[in-house]
Amino acid sequence: MQDKATGEYEVKLGRLPTLTGKPTHYCAGCEHGVLTRLIANAIEELGAREKTVMIDSVGCSVLAHEYINVDAVQSPHGRAPAMMTGIKKVRPDLLVFAVQGDGDAVAIGLLELIYAASRGAPITVFLVNNAIYGMTGGQMAPTTPAGMVTTTTPRGRDLKDTGPVMDASKLLAGLEGPSYVKRVFLPVTPMGSTDLYSARGSLEGAKSVLNAFKVQLMGGFSFVEFVSTCSVNWKMSVLESKRYSFEVLAKLFPPGLYVDKMGVEKK
Amino acid sequence: MGQASGLVQKSMVIVDSEVCKGCSLCVVSCPQKNLKLSESLNRIGYHPVEFHYHGEKGDCTACGLCYWVCPDFAIAEVRRLKQ
Amino acid sequence: MKAETEFVKGNEALALGALKAGMNAYFAYPITPSSEIPETLAKEFKSPEYPEFKIFLQAMNELEAINMVIGAASTGAKAMTATSGPGFSLKQEGISYAAAMEVPFLVVDVNRAGPGLGNLGPEQSDYNQATKGGGHGGYKTIVLAPNSVQEMAAFPALGFSLAFKHRTPVLMLVDAFLGQVKEDIVFPKIAQEKFETPWATTGARGAERHLLLSLHLDFEDQRKHAEHLKSKYEEIDMMEQRSEEYLTSDAEVVLVAFGVVSRLCRRAVNELRAKGIRAGLFRPVTLSPFPDKGLKSLADRGIKKFVVVELNVGQMVYDVKLAVEGKGSVDFIYKLGGFLPTTAEIVHRVEMVSR
C-alpha cells in the first residue's frame, strides 16, 4: 500500500531509454542486474546509445541484449575482446563493450583478454567475478577460492591440483597496454552488526563504468572487475552471499584502482 | 507507518511490483527503512517490496540508494518535490 | 597486343586478388603453407594502390583471428583470414556462430596433409570439414575450389560477392600445391563491388536496433530461424552451383576432380583421347553447393562410367555417387601423404575402367 502523495514531483532517478524494460532472467539479488542499470545509466550520460555496440558473451550475460537497448552481436565463449577489436578497427567511432563472467574472461577467453589488453585496444570489458560458473550450474571457476564446494569440487577446491586462484585485475595491471584497470566491490556491503547495508558498491560502480567508457572514448583499453555474488550456486541466501563476498572475496580480490594512465579518476 | 496529516510528502519511490524478486537489497540499503517486503505475492511468486514514506527511522529523503542497488529495475523511479 | 602477365605464386595471387576486390580488413595468423597470404598483405598494407585495405592485424591465434573477422564483418566491412588444417579446425567455432548470425566474410583453407599436423604437402582431406559444415550445428557455407593461380586471383572477388549476396561465410578450399605454385597470370580487372548491409550492427537508430544473434532459447524462434537458414541454403543450391566441363559432350568415361588434381586429369583426358578412349572431365568449382545438377545431367545423358580422383581416402566420391544416383559406376583413385598422382596412373586406371 503506497502512502498517498500530493504536490508537484520531478523524477530524480527514473526509467532509462537505454533499458528495454524487460524483466531479467538473473537470479534475485544478482549483481548482473545492478551492472545492467549502471551501464545503461553511463550510456545515457554520454548520449551514446546510437553509437554503442554491445557484445553478448556466454554465461549469465548471454541475454544482455534483452535488457540493454543497443545494437548487439553475440560472441563465442571468451572471444568478445577479439570481436570487439575487429569492430573497433573498422569503426573506431563506436563505443563497444562486453560483460563477461569469470569463466568467459578468465578461463576460456584469457588469451583474447590478455592480448586485447596488451595491444591497448580501445574497448571495454566488464568482468562480473562471482568465483564460480553461474549459468552452467555452479562448477569451479579459475577464480573459485580454495576450499569452496562447487559441483566439480564437491570436496572443496584443492589448489594443489587445480592451480592458483586467478586474479584478472592484477594480471592485466601487469601489462603495459591497459589504460584503466579497476576492481569494485559491487554488492551491498554489510556494516558491522547493524542491519543496514552500504550501497557504496553501486555508487562506486556507476562512476567506474562511466570512467571506463570515457577511457575508451579517449582511445584506451578499460577493464572493470566487479567482485560479485552467486547466491544460488553458492547455496546461500541473498544477504548471506553478500556477507560471504565481503568477508572472503573482497580479501582475495582487493578492490581498488590498479591502473589509471589517463588520470580519469582525478578529473 | 506515519499518519497522513496534511503535510506533503517530499519524495516518493515508484515500485514496479511485478518485476520485483524480493531480494531485499533495497530494504537493507535504505537508511530510513522506507522499504519493506509485502505480505502478498506478485505474479512471479515473490513478495515484492513496498514503499512507505514514513519509515521506521525517518521520512524518505530521495537519496536514491534503493534505485542504485536494485538488480531488477523494480525501483523504477525516485521522485522528489519540485523546489 | 598481349596483356601484361605476371609470374605469381598462388598464395600471393589470392592476397592480391582480395585487395583488388576491395577487401577492408585482414586478420592474420601464420601457418604453413598459407603464410604467404598474410605476408603479401602485410607488405601491401598502406599502399596507395589499395585505399580500401584499412586494417591488417596479426592475431595471437586462429581463434582471435576468426573472431576479429566476425567483429569487423558485423559492421559490414569486407574481412578475410587464411589458414591451414589445424587452424581451420580452430576456426570452426567462429564459422558456426557466423553462419547462424548470417555474417559474410571469406576464410581460406590451404589444405595440407592431415589429420593432426600431417605434413606440408597437398591434400584434399578438408573437403568434408569445409563442405559439410566443420563446426557444430546444421549450417552450410559456400565453398569455392580454384584450380589455377588465375582463379586464385579471381576468386576472392567472387567470394565476397557471394558472401554479401547471401549473407554467409564463404570458404576457399585450396590445396597446398596451388598455394605454392607459380604461374603466369593476368590480374583480372575487377570493379570493386559496394554491398548494401542494412543488417550491420553499427549503432541503434532511434527505436530501431540490429541484433546479430545465434541463441534462440524459445524453441519456436529457433525452429523458425533454422527453417530460414534451410531455405537460404536451398536458394544457394539452386542459384550458385558452378562447374567446368572438358570434352564431356561425347564422353564415355568422365573424370571428376577439383583443385590441382583437375589439371592432372585434364592432361590425362588428352592422353586418353589420343589412345582412342572418349574421356572427359567434370570439375566442380563450387564444392558447396555441390554441382550435382551438372553431374546428374551427364548420368542422365547416358554416361555410365565416372572416375573420381582425390587427395584423400574418399570424400567427394560420395557426393558424386549421390549425384549420379546409381545410373553409372563411380570408381575412385586416391593419393595420400602429400603426393600427387601422375597422369600415367590416372590414364592407366581409366583404361582399366573403360574395358
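For the pair C:ASN128 and C:LYS230, the difference between a 0.36 nm per residue extended length and the Cα-Cα distance amounts to 34.8 nm.
Positive-end ranking of C:GLN129, C:SER89, A:LEU113 along the dipole of the protein assembly as shown, with charges on Cβ about the Cα centre, is headed by A:LEU113. Looking at the range A:160-267, the GluC sites (Glu not before Pro) that sit in a DSSP loop and have at most 15 other Cβ atoms within 10 Å of their own Cβ are A:GLU176, A:GLU265. Legend: P(r) of chain B from all alpha carbon pair distances, 5 Å bins from 0, whole percents, reading 3, 17, 27, 25, 17, 9, 3, 0.
For the range C:178-184, 3J(HN,Hα) computed residue by residue from phi via the Karplus equation (6.51, -1.76, 1.60; θ = phi - 60°) reads 5, x, 9, 6, 10, 9, 7 Hz, glycine and proline entered as x.
Using R0 = 35 Å, the C-beta based FRET efficiency linking B:GLN83 and A:SER193 works out to 0.40.
Close amide H contacts of C:GLY133 (hydrogens built in the peptide plane, cut-off under 5 Å, sequence separation of 5 or more or a different chain): C:THR141. The H on the amide N of C:ASP175, modeled in the peptide plane, is under 5 Å from the matching H of C:ASN111, C:VAL260, each at least 5 residues off or on a different chain.
With coordinates expressed along the principal axes, the C-alpha atoms belonging to the range A:77-223 extend over 48, 39, 27 Å, beginning with the largest. Applying both filters, DSSP loop and at most 13 other Cβ atoms within 10 Å, to the trypsin sites (Lys or Arg not before Pro) of the range C:185-245 gives C:LYS189, C:LYS194.
When every Cα-Cα distance of the protein assembly as shown is counted in 20 angstrom steps from zero, the calculated P(r) takes the values 17, 41, 27, 12, 3, 0 percent. With the simple model of a label 7 Å out from the Cα in the direction of the Cβ, C:ARG267 to C:LYS43 spans 2.8 nm. Give the longest segment of chain B that steers clear of trypsin sites (Lys or Arg not before Pro) in DSSP loops with at most 14 neighbouring Cβ atoms within 10 Å, not counting the sites themselves. The segment B:1-42 is the longest one with no such site.
Got a sec? Which residues in the range B:15-49 would a label at A:VAL11 touch, if it sits 7 Å along Cα→Cβ and we count backbone N under 14 Å? Under 14 Å, as judged by backbone N against the label point of A:VAL11, lie B:15-16 of the range B:15-49. For A:SER198, nonlocal amide neighbours, meaning residues 5 or more places apart or on other chains whose placed amide H falls under 5 Å from its own, are A:THR189, A:MET191. Can you compute the FRET efficiency between C:HIS348 and A:LEU46 using 1/(1 + (r/R0)^6), with r the Cβ-Cβ distance and R0 = 51 Å? Round to the nearest 0.05. It comes to 0.10. Near A:VAL264, once Lys and Arg are set to +1 and Asp and Glu to -1 for all other residues with Cβ below 13 Å from its Cβ, the sum equals +4.
Between C:LYS182 and C:SER161, the modelled label-to-label distance comes to 3.0 nm, taking each label 7 Å out from Cα in the direction of the beta carbon. Shown in residue order for the range B:68-79 are the 3J(HN,Hα) couplings computed by the Karplus curve 6.51 cos²θ - 1.76 cosθ + 1.60 at θ = phi - 60°: 7, 9, 6, x, 10, 6, 6, 7, 7, 8, 10, 10 Hz (x for Gly and Pro). Based on DSSP H segments of at least four residues, each scored -39500 (n - 2.57), the protein assembly as shown has a per-residue ellipticity at 222 nm of -9500 deg cm²/dmol.
Can you figure out the FRET efficiency of C:THR32 with A:LYS160, using R₀ = 35 Å and their beta-carbon distance, to the nearest 0.05? E(calc), rounded to 0.05, equals 0.30.
For a modelled paramagnetic label at A:LYS235, 7 Å from Cα along Cα-to-Cβ, the residues of the range A:151-172 in reach, with backbone nitrogen under 18 Å, are A:151-158.
Using the average count of surrounding beta-carbon atoms within 10 Å as a protection proxy, the listed peptides C:146-152, A:159-165, C:234-240 rank, highest first, as C:146-152, C:234-240, A:159-165.
Computed from backbone phi, the HN-Hα couplings of the range A:178-189 come to x, 9, 8, 10, 9, 10, 10, 8, 7, x, 4, 9 Hz, rounded to whole numbers (Karplus: 6.51 cos²θ - 1.76 cosθ + 1.60, θ = phi - 60°; Gly and Pro given as x). In this simple spin-label approximation, B:LYS57 and C:MET239 carry label points 7 Å from Cα along the Cα→Cβ vector, and these lie 6.7 nm apart.
A simple count of charges around A:GLU66, restricted to other residues whose Cβ falls under 15 Å of its Cβ and scoring Lys, Arg +1 and Asp, Glu -1, yields -2.
Within 10 Å of each Cβ in peptide A:52-61, how many partner chain Cβ atoms are there on average? Round it to a whole number, please. Mean shielding count: 3. For the residues of A:196-205, the average number of beta carbons from a partner chain within 10 Å of their own beta carbon is 5. Placing a label point 7 Å from the Cα of C:LYS54 along the Cα-to-Cβ direction, the residues of the range A:53-75 whose backbone N falls under 17 Å from that point are A:53.
Annotation for the range C:132-205 versus the range B:12-83: alpha-carbon center distance of 56 Å.
Coordinate-derived values only; no laboratory data. Keep in mind the model is a prediction, meaning the values are calculated, not measured. All Cβ positions, glycine included, derive from the backbone under ideal geometry; neighbour counts span all protein chains shown.
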